[in-house]
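Below you'll find the structure, written out as structure tokens, and then a few comments.
The numbers here are math on the coordinates, done by the rules we state, and not lab data. Quick caveat: nothing in here was measured; it's all calculated off a predicted structure. Ideal geometry is used to build each Cβ from the backbone, glycine not excepted, and the neighbour counts take in all protein chains shown.
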């Protein structure tokens, strides 16, 4: 069906041969959308806006960046100081990565609560997780490009994780590095992939939208639309709503750009990369911290599997487990609105992820409760006890009780345990045992006061 506003003869002539305008009219104007979508549904369009901003600013920054180990850091400083509005472009791009992840994480948690991964939207959910994985790869490679201390050592630590895989691990690391250490070939490879992957993300986003428009949007009630009375055209109702949400989002975004441009970064990245000086505490960007905490939670071996391999497998499993959600959640009710017990565990999951992020930013062996002075005193007393026992001809380790200190790694282990418990055990059991609230007969019923009769 042609767009009703197609009065221009040239546009009509072109649309008859390539119906791009009719397609846009159908998909963005008259696309039937559930009439009860709230502002949590704004974050999908916000993610699209951020993707465009990141690509445009990234292309302009790439025109002035030099991807060599000797000149990369200096070229970034030149962008900040000498390129017209280069400081603004870089702050938009650097803070845009954080804003992009904030939007996508909220979008994912909204899907978790409202059951957007359930039938018939499993492929839609899978494509969303693929986008997240591509985002993480792109962000990691982009963080290396400034070639500061944290960039260099972050790349060294993260790429070294692949060496945990038996047989092929060392070969993978050598391939990633392009040599035997993080150096110029590594920077060139990461620069090339950082430029390429956003366009791959665009392709997956197109598939994501295709899958979305095949079965329509989910909604807060988690029930399917029963007819025209349950839906409204996307434009102008949700375009206006999205524009308002985008305006509010840009206020927060601009606040970081102009007032706190380095708040979400790390100060060590303003120091040129030095392979001979290791930072006291190597941490990734904040949006990787929960996964970093899961990685470090395994400080023990299990049978033939070393701690490093366990941590790497757990880190990847924490993301890949999301692909299985459509089958792990056995409840027939989509929306958490009608699942009273699930709501509480969902809040606990959010708190658990925040705790993982907090632990990921801390040194794993730092004391969690006691002060460093108290720990030092207890260790001194223990050492004195051991020395005294040895003088008496006894085994000091058997005679003295070694002080146990609760460390951040212990909190990380507890949070990691709950994370996997929530998805692997809690959701399957809760879905079969929870008594849910009665579902409305249609979307219109809760929206209007007297059900369908109020729509007359």
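Tabulated values for the structure
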quantity: Taking only Cα atoms of the chain, radius of gyration then Dmax in Å; calculated: 26.5, 104
quantity: Alpha carbon convex hull of the range 124-208, volume per residue in cubic angstrom; calculated: 95
quantity: P(r) of the range 52-204 over all Cα-Cα pairs, binned every 10 Å from zero, in whole percent; calculated: 10, 34, 32, 19, 5, 0
quantity: Kirkwood Rh and Cα Rg combined as Rg over Rh, evaluated for the range 216-353; calculated: 1.08
quantity: Kirkwood hydrodynamic radius (C-alpha pairs) into Stokes-Einstein, the range 288-360, 10 °C and 1.306 mPa s, D in µm²/s; calculated: 113
quantity: Anisotropy class of the range 1-124 from Cα gyration tensor, a/c 1.5 cut; calculated: oblate
quantity: Residue 343/residue 59 FRET efficiency (R0 45 Å; Cβ-Cβ; nearest 0.05); calculated: 0.55
quantity: Ascending count of other beta-carbon atoms within 10 Å, so fewest first, for 353, 385; calculated: 385, 353
quantity: Fewest-first ranking of 299, 16, using other Cβ atoms within 10 Å as the exposure measure; calculated: 16, 299
quantity: Euclidean distance of C-alpha centroids, the range 190-243 and the range 356-370, integer Å; calculated: 38
quantity: Kirkwood hydrodynamic radius of the range 14-81, from inverse mean 1/r over distinct Cα pairs, in Å; calculated: 16.2
quantity: Calculated P(r) of the range 212-279 - Cα pairs past 13 Å, %; calculated: 79
quantity: The range 84-149 and the range 271-292: distance between their alpha carbon centers, rounded to Å; calculated: 20
quantity: Order of 373, 122 under a 10 Å beta carbon neighbour criterion, fewest first; calculated: 373, 122
quantity: Computed FRET value (nearest 0.05) for residue 250 with residue 404, which takes r as the C-beta separation and R₀ as 41 Å; calculated: 0.25
quantity: Diffusion coefficient, µm² s⁻¹, Stokes-Einstein with Kirkwood Rh over alpha-carbon pairs of the range 153-307 at 20 °C and 1.002 mPa s; calculated: 102
quantity: Computed lengthening from residue 181 to residue 277, 0.36 nm per intervening residue step minus Cα-Cα distance; calculated: 33.1 nm
quantity: Computed FRET value (nearest 0.05) for residue 207 with residue 229, which takes r as the C-beta separation and R₀ as 25 Å; calculated: 0.20
